[in-house]
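> Have a look at this one.
A short reminder: the numbers here are calculations on the coordinates, not readings from a lab. Remember, it's a predicted structure, so these values are computed and weren't measured experimentally. Neighbour counts run over all protein chains shown; Cβ positions are idealised from the backbone, glycine included.
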């Protein structure tokens with residue numbers, strides 16, 4: 001493995017590790033499905049190397065947020081700009097069934113306003129879905145931040161790695 005490929009591998013590991021840490025710190029790691037789905041791959045191409053990142057499809061919604069029909073959500077891009085989320089709830093609200101599972105896993109209990117009795121998880125999930133449609137889902141930027149930090153470090157670290165490799169090869173000659 002040459003030094004550039006080695007560095008790109010370490011860059012990919014850094015972005016994945018930091019993204020996973022951000023998910024856990026942001027308390028968005030209930031089922032660990034998204035956490036375990038974050039991966040990277042370095043592939044050679046005719047112009048050099050490509051590095052690609054992948055994750056479950058809903059990871060983009062968690063990363064960039066979703067605007068509601070009353071409130072616009074923003075996220076921070078990898079280069080530090082605040083941008084409105086490209087996703088928005090318009091006519092439909094999120095399905096209540098997955099939210100009921102989430103409510104159950106979190107151990108959240110809702111109460112009736114009038115009598116104080118507990119309500120079902122499905123009723124609470126419906127109320128949460130209604131609020132999500134109105135206000136949206138706040139962005140976590142769990143992937144954008146580490147990608148930006150890694151890209152900022154990329155040129156200096158790569159030059160240092162290449163310098164070290166050249167010096168090692170000169171010593172061997």
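> Pop out the Kirkwood hydrodynamic radius of region 4-53 from its pairwise C-alpha distances, inverse of mean 1/r, in Å to one decimal.
11.9
> Full extension from residue 117 to residue 58: what is 0.36 nm times the residue separation minus their Cα-Cα distance, to one decimal in nm?
On the way: separation 59, 0.36 × 59 = 21.24 nm, distance 3.39 nm.
The span from residue 117 to residue 58 would gain 17.9 nm if fully extended.
> Continuing with this model, one more query. Based on Cα positions only, what radius of gyration and what Dmax would you give for region 1-125, in angstroms?
My reading of the Cα-based Rg and Dmax gives 19.6, 69 Å.
> Now, a different point. Report, in cubic angstrom per residue, the convex hull volume of the C-alpha atoms of region 51-119.
Per-residue hull volume (Cα only) is 159 Å³.
> I've got another one for you. What percent antiparallel are the DSSP beta bridges of the chain, to the nearest 5?
Taking every DSSP beta bridge within the chain, about 95 percent pair in antiparallel fashion.
> Say each of residue 24 and residue 135 gets a label point 7 Å from the Cα, pointing the same way as Cα to Cβ; how far apart are those two points in nm?
2.8
> For n ≥ 4 DSSP H runs only, could you compute -39500 (n - 2.57) per run for the chain, divide by its residues and tell me the 222 nm figure to the nearest 500?
-17000 deg cm²/dmol
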